[in-house]
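Just below is one structure, and these are the notes that go with it.
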Amino acid sequence: MRKRVSKAEVDRFLVAWFAVRQFIQAANFNRFQGAGLSATQFMTLNVLPSDADGLAIGDLAQRMNLKPATVAKTVDSLEARGLVARTRNAADRRSIDVRVTAAGVKLQNAAHGQFQAQIEKLFEAMKPEERQGLIVGLESLSLAAGISPQSRGE
């Protein structure tokens, strides 16, 4: 039988979670502003897989929790900058997929590298056992939420 969770424990988690979320939002703001992208453009570019054939607008919209029309306009602007391209789906010739171009992948990698460097600095300020506890805890939280943590292969 599971032990009941206290309100104080949940409150403590939420305070810490919102502080971390604020840090991540600020870091993302700096990354997309530095690249000259809007928040939606940045999010779209980073939701698209860099090593795949692409995603249909509807699938992309669902992953981003946005309307397809909003995503289509965003894709238009990213395509005009050469960061994404529309291609006909090989399996379903009626479907158009959005894929990241080489320039888009370069921007994805640069943004990821900047964020990773910020996380490394934070991790350096923590004890090894604290880092491991955080990682295990976040992996457990992801699994409890029904989301499988995925490695970027780095």
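Quick note: the coordinates plus some simple rules give every number you see, no bench work behind them. Computed from a predicted model, the values in this text were never measured in an experiment. Because the Cβ atoms are built from the backbone with ideal geometry, glycine has one as well, and the counts that use them run over all protein chains shown.
The table below gives the values:
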quantity: Average Cα contact separation per residue, the range 31-143, under 8 Å, 6 or more apart, as relative contact order %; calculated: 24
quantity: J(HN,Hα) series, the range 4-17, from Karplus relation 6.51 cos²θ - 1.76 cosθ + 1.60, nearest Hz, glycine and proline x; calculated: 5, 8, 7, 4, 4, 5, 5, 4, 4, 4, 4, 4, 5, 4
quantity: Sequence-distant aspartates and glutamates (8 or more away, or on other chains) whose Cα lies within less than 17 Å of LYS67; calculated: ASP59, ASP76, ASP97
quantity: Residue-averaged 222 nm ellipticity for the chain, from DSSP H runs of 4+ at -39500 (n - 2.57), nearest 500; calculated: -21000 deg cm²/dmol
quantity: Where labels lie 7 Å past Cα in the beta-carbon direction, separation of ALA91 and PHE123 in nm; calculated: 3.4
quantity: Amide H contacts under 5 Å for ASN89, placed H, 5+ residues apart; calculated: SER95, ILE96, ASP97
quantity: Percentage, to the nearest whole number, of Cα pairs in the chain over 18 Å apart; calculated: 68
quantity: Computed over the range 75-154, Cα set: Rg, Dmax in Å; calculated: 18.2, 53
quantity: Most fluctuating residue given options LEU134, LEU122, LEU143, as computed from a GNM of the chain linking Cα atoms under 10 Å; calculated: LEU143
quantity: Nonlocal amide H pairs with VAL84, under 5 Å, H built at 1.01 Å; calculated: GLU79, THR101
